[in-house]
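The next block holds one structure in the form of structure tokens; read it before the comments.
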Amino acid sequence: MQPLTVHAGVVAPLLRANIDTDAIIPSREMRRVSRQGLGEGLFANWRYLDPELRRPNPDFVLNRPERAGASILLGGPNFGCGSSREYAVWALDEFGIRVILAPDFNPIFHKNCVANGLLPARLPFPAIRELAAWTDRDPQGNRLVVDLRTSRIEGGGTPVAFDVSGADRIRLLRGLDDIALTDTRAAVIEAFERNRFAAHPWVRLPEGADR
Amino acid sequence: MPSSLFDKLWDSHCVETDDDGVSLLYVDRVVMHERTGSVALDTLLRRGRPVRRPEHVFCVVDHVVDTRPGRGDETQAPGGRDFIVALRQGAAAFGLRMFDVDDQDQGITHLVSAEQGIALPGLSIVCPDSHTCTLGALGTLAFGIGTSELQHVLATSTLRMAKPDTMRVVIDGRLGAHATAKDLALYLIGAYGTGGAGGAAVEFAGEAVARMDTEARMTLCNMAAEFGAATAVIAPDEAVLKSVVAAPLAPARVGDWSALRSDCGARFDREVDLDAAAIGPQVTWGTSPEQCAPVRARVPAATTTAARRSLAYMGLEPGTPLDSVPIDAAFVGSCTNARIGDLRAAARVLEGRPGAPGVAAVCVPGSRRVKRAAEAEGLDRVFVEAGFEWREPGCSMCFFAGGETFGAGKRVISTTNRNFEERQGPGVRSHLASPGVVAASAVCGRIAAPDAL
Ligand code: SF4
């Protein structure tokens, strides 16, 4: 996973509440057993007038020429609610989104972001609106700088502090792979499991194919 | 110190907690479906990483599998077949028990977990699906996870997560004659919003919950996902414990489950009280589960941009009586409301009544077991005589993944849990309600409460 320290980019505001994962990646767009090939289906029902024919909706923010290359998304409350599909994050990632700023996130979506090196940062809605208004004035020129080392956003006046948990911050900064991290605790897990099976033998199911 | 049920479940699975407050949680059981599980297994295979405890891992097809009679691997979803085949290949490669398309116990993942005894009181279970919280109704510590997390659990038998806050929702009083756990869930979400739980682990308690059977408890916990909860739990009572030990994978000798309840004086980060007696049949009018109202209410005035947008999508005018809104289709199915009790409730309303002309209606039993039980009671005939299609188990029109839909612009009354734009297919307008309300609406051709008949 790519570490994320400082990211500067063009901003796309999508200031709706409850943007769900069906909207981020409609179920029809998950066509292959793969994490790839999803960027094109990102927000397909909003982004295209006809999702099958891929006719772009000129009014949708990610299609606006002045928002070209957007890599920071501004969202409303309860961002990423709905289905747990990680495809939503893979689609955002492939499209080039690195940071999402929203008042709050669905817990599973939030974890999926971190697992894929995307920063889900919490910021009160009024502050998000202000940032959006500032980028409206000159979308290509007014880029935001998101500094994960200091948990601050620069651009549009005084830097604002955003909220991200300590553990998530470190994972993103180092680009840590979870499995590798947990492998270092294998002995502790084994000991825990031994105790659990000893105390509650019913927890353990028989091994083998003819179960 | 007195602890809550959630605290007890958490503590009994917590391997360790690091300085940042992130815990390693031991996972007893893993269940996955073809949509999200296939990718995880495929990734592990490519990386040459084994599944640590294959005997505790289960695969189920439900998300893209076709539900029309005589189905095989082909589905109406683009590439749908590939997901089924990939799951099958992954299951075979790792030696995982799979409930395949033609398995006599196949069904929607969460129903299969409960019916088979994969989920049991006191166990922890994860599934890459947001409605895994359904299983909290059995006193199971259940989490919906993402695909990367699933890979982590398969490889290490643990889940990495910070302990969520706790919230108790106490529902006192008794539900009225035509109100159900579904109406309670919709009411709760309507009152507190889809972010109402704020990521907390929710315990449902109180008289109305104590009176619920296992199935109704599952309906309530199911919709904790729409309430913004990390998960849900209910202390299992005698009836629940009796039902779970009959499951095929429940061991002959199980442990002592009597401590699976919140101690007197247990502390919760938040508490909410509801009065069940005040809640009648509900129906959603918008594109979020929180946009709901009593069936006999009117479409509310649109005071926010979100509400205006929802009403525009739904094609509804403020002030319209909800029970005057004509419907094109009715759907009984999903992990929310497709257990035998749900089918019985719908059938009670349908019995001896023809469906309204022009209304397309579909019933998808939640599992093969449910389907068999329903057929043994003759419920299939009641549905068919009322104009319903009687299908094979799967998620079906709960969402569009299998490519199944009533068609663009159709207004659907549905026992499912999500009414998002396009959730049930392009342009489809979804109204969420209980099985009784869906059945009554199918008979009347408009949104209707069961007592309107
Ligand atoms: S029935 Fe619907 S909510 Fe339940 S698991 Fe299937 S798609 Fe998800």
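All of the numbers you see were taken from the coordinates with simple rules; none came from a lab. This structure is a prediction, so every number in the text was calculated from the model and none was measured. Backbone-built Cβ (ideal geometry, glycine too); neighbour counts: all protein chains shown.
Residues in the range B:202-248 that are assigned to a helix (DSSP H, G or I) and polar (S, T, N, Q): B:Thr214, B:Thr219, B:Asn222, B:Ser243.
Can B:Ala229 be described as surrounded by 18 or more Cβ atoms within 10 Å (Cβ to Cβ) and touching a Lys or Arg at 6+ places or on another chain (Cβ under 8 Å)? Break it down stepwise before answering.
Numbers: surrounded by 18 or more Cβ atoms within 10 Å (Cβ to Cβ): yes; touching a Lys or Arg at 6+ places or on another chain (Cβ under 8 Å): no.
No: the conditions fail for B:Ala229.
Residues that are within 16 Å of the ligand (Cβ to nearest atom), surrounded by 22 or more Cβ atoms within 10 Å (Cβ to Cβ) and either under 29 Å from A:Trp46 (Cβ atoms) or within 14 Å of chain A (Cβ to nearest Cβ) (or both) are absent from the range B:292-313 altogether.
Working carefully through the options B:Gln76, B:Gln89, find the one that is surrounded by fewer than 19 Cβ atoms within 10 Å (Cβ to Cβ) and farther than 24 Å from B:Phe400 by Cβ. Please lay out each step first, then the result.
Numbers: B:Gln76 fails: farther than 24 Å from B:Phe400 by Cβ.
From the options B:Gln76, B:Gln89, the qualifying one is B:Gln89.
Against the criterion of being touching a strand residue (DSSP E or B) at 6+ places or on another chain (Cβ under 9 Å), away from chain A (no Cβ under 14 Å), farther than 26 Å from B:Val332 by Cα and in contact (Cβ under 8 Å) with a residue 24 or more places away in the chain, B:Gly198 does not qualify. For the range B:254-262, the condition holds for no residue, the condition being that it is in contact (Cβ under 8 Å) with a residue 12 or more places away in the chain, in a strand (DSSP E or B) and farther than 22 Å from B:Ala374 by Cα. In this structure, does A:Arg171 turn out to be more than 8 Å from chain B (Cβ to nearest Cβ), in contact with a His (Cβ under 8 Å, 6 or more places away or on another chain) and among the charged types (D, E, K, R)? Answer is no for this residue. Selection of the range B:74-95 for residues being more than 9 Å from chain A (Cβ to nearest Cβ) and assigned to a loop (DSSP other than H, G, I, E, B) yields B:Glu74, B:Thr75, B:Gln76.
Considering only the range B:183-200, how many residues are touching a Leu at 6+ places or on another chain (Cβ under 9 Å) and of a type outside the set (D, E, K, R)? Break it down stepwise before answering.
Filtering the range B:183-200 down to residues touching a Leu at 6+ places or on another chain (Cβ under 9 Å) leaves B:183-188, B:191, B:196.
Add one more test, that the residue is of a type outside the set (D, E, K, R), and what stays is B:184-188, B:191, B:196.
Qualifying residue count, the range B:183-200: 7.
Need a quick list: helices (runs of 4 or more DSSP H) entirely within the range B:351-453 having at least 3 residues that are of a type outside the set (Asp, Glu), within 16 Å of the ligand (Cβ to nearest atom) and under 18 Å from the mean Cα position of the chain (by Cα).
Values: elements: B:368-377, B:379-385, B:435-444.
Here the list reads B:368-377.
Taken as a whole, the condition of being in a loop (DSSP other than H, G, I, E, B), within 11 Å of another protein chain (Cβ to nearest Cβ) and on the phi > 0 side of the Ramachandran plot applies to A:Gly117. The single condition among (1) within 16 Å of the ligand (Cβ to nearest atom); (2) of a type in the set (S, T, N, Q); (3) within 12 Å of chain A (Cβ to nearest Cβ) that B:Gln106 does not satisfy is (3).
B:Gly173 passes every criterion in (1) within 15 Å of the ligand (Cβ to nearest atom); (2) within 23 Å of B:Leu5 (Cα to Cα) apart from (1). Is one or more of the residues making up the range B:196-218 under 15 Å from B:Thr416 (Cβ atoms), within 16 Å of the ligand (Cβ to nearest atom) and in contact with a helix residue (DSSP H, G or I) (Cβ under 9 Å, 6 or more places away or on another chain)? Yes, the range B:196-218 has at least one match.
Any chance you could count how many residues in the range B:128-146 are touching a Phe, Trp or Tyr at 6+ places or on another chain (Cβ under 8 Å) and either within 13 Å of the ligand (Cβ to nearest atom) or among the hydroxyl-bearing types (Ser, Thr, Tyr) (or both)? Counting residues in the range B:128-146 that are touching a Phe, Trp or Tyr at 6+ places or on another chain (Cβ under 8 Å) and either within 13 Å of the ligand (Cβ to nearest atom) or among the hydroxyl-bearing types (Ser, Thr, Tyr) (or both) gives 2.
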